[in-house]
Amino acid sequence: MDSSRRTDAAFAVCYVAFVFAGVYKDAWYVAWAPLDLTLAFGLAAAAVAGWLALRGGLRVTPAGIAITGLFTAFALYAVVSGLWSPSTDYYLSKAFRLVGVTGLTLGLGALVVASSARRLRYTGFATVGFSLVAVIETFVRYLQSGDTAIYPFGTNYLITGRVLGLGIVILTGYLVLSRADRRLTTAAGIALPPATYALLVIGSRGPLVAAVGAIGLLVVAGLLIGRLPNGRWALGAYAAAVGLAGYVAFTVARHLETITRLLWLLEGPGQSLGARFTYWQQTIAGLGPATLPFGYGLGSWPVVLGYGDAQDYPHNIVLEVAFELGLVGLALLLALFAVGVGVAIREWADHGRPVHLVLLALFAYMLANTMVTGDLNENRYLFAVCGVLAYRVAPRRYAVPSLATVREAIGSSGSPT
């Protein structure tokens, strides 16, 4: 492996470790680290990106610049909204994380990952690799838990479930769309069953439902472009598999925590979903003509609704942004998503590369998750995918000047005439 490949691989590992640090950093075997792992791997990823730029290996694209610029405008408006937000503690925490963590997640994705096919591929492999680590961790906790709840990596099951879902969607993309590489499709076929079972036992209903929907999109896409073996039967097989899973859920698999929690919905929304319904109703009721244009300000939701000046949110990204940042913030957010999705759709129309279908499926998967849980910063996986949507097959690129180029330019400008 040459030095450029090693650098790209190092960046991919650091970037994935940074994005998913919130999942694993409370695990007993890394909790001893003297430095916060989100900060450590964020700095490491930024340092490798800087090294790429100094060596002339970073060529950003107009799409990456546009997506980063739109997020910058959104984040800047969110920070400015603190002038009228009733929150202080939550505002400061939320603003810092939005700029320093979520912003870095999207920026590195749009400007570094999306500017290189090789870095994009390595980042996909690293994401699947971490997802499989989460599978192993989930099984270990599952075997130790008995009938009690599972807490992989010592954290809640929900964020781990999102990681499992991301891995499942990418593996399905390899299996359905990467027909040219038999080794990759074989590996994906072997890894998918344990990953799916881990998602079934962990208890994450939202990630499971979102993953099933994203897989359905990939299967349909594979049928339409002829990438599936025996393609005309694939959709029927997928429907049969879903039906069989439903039958098993109602008969012999009630011990699967995710299935059990889905079955609870047949008896009513339950405490978790019922609380969300209450949050959504309160949020909609709080939107009025006076505050709707600009919102109550970043971090205002729990303060205005009487939950205190601490992290809390309506568990719906659209309602959260509309309430706190108004129509201005919502328009900026939707513009950001529209540009990313638009780039991927145009690239698919122009080049027909399966990678864009996988990226769109990942975006749909994460967007579905953000409709039922998390706040802006807890949903940074969505912003990571949105940044990577800037990937283009044969774009016009702007080279970041290398250190040698800068030195040559300085030397030329200082030479006598």
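The values are calculated or read from the model by the stated rules, or taken from the named source; none is laboratory data. Note that this is a predicted model, so its numbers are computed, not measured. Surface areas here come from the heavy atoms of the whole protein model, side chains and all, with no ligands, DNA or RNA. Shrake-Rupley method; radii C 1.70, N 1.55, O 1.52, S 1.80 Å.
Some points to look at:
- Segment 30-72, accessible surface, carbon-and-sulfur percent (1.4 angstrom probe): 76 percent
- Here the ratio of the Cα radius of gyration of segment 154-199 to 2.2 N^0.38 Å is 1.26.
- Between V60 and Y398, V400, the built amide H atoms are under 5 Å apart, and every one of these is 5 or more places off in sequence or on another chain.
- To put it simply, the accessible area of segment 92-179 at a 1.4 Å probe is 69 percent carbon and sulfur.
- Karplus-derived HN-Hα couplings along segment 81-93 (A = 6.51, B = -1.76, C = 1.60, θ = phi - 60°), whole Hz, x at Gly and Pro: 5, x, 4, 10, 6, x, 8, 10, 5, 5, 4, 4, 5
- Each principal axis of the Cα atoms in segment 74-203 has its own extent, and those three values, largest first, are 55, 44, 17 angstrom.
- Of all accessible heavy-atom area on segment 290-338, the percent that carbon and sulfur account for (1.4 Å): 73 percent
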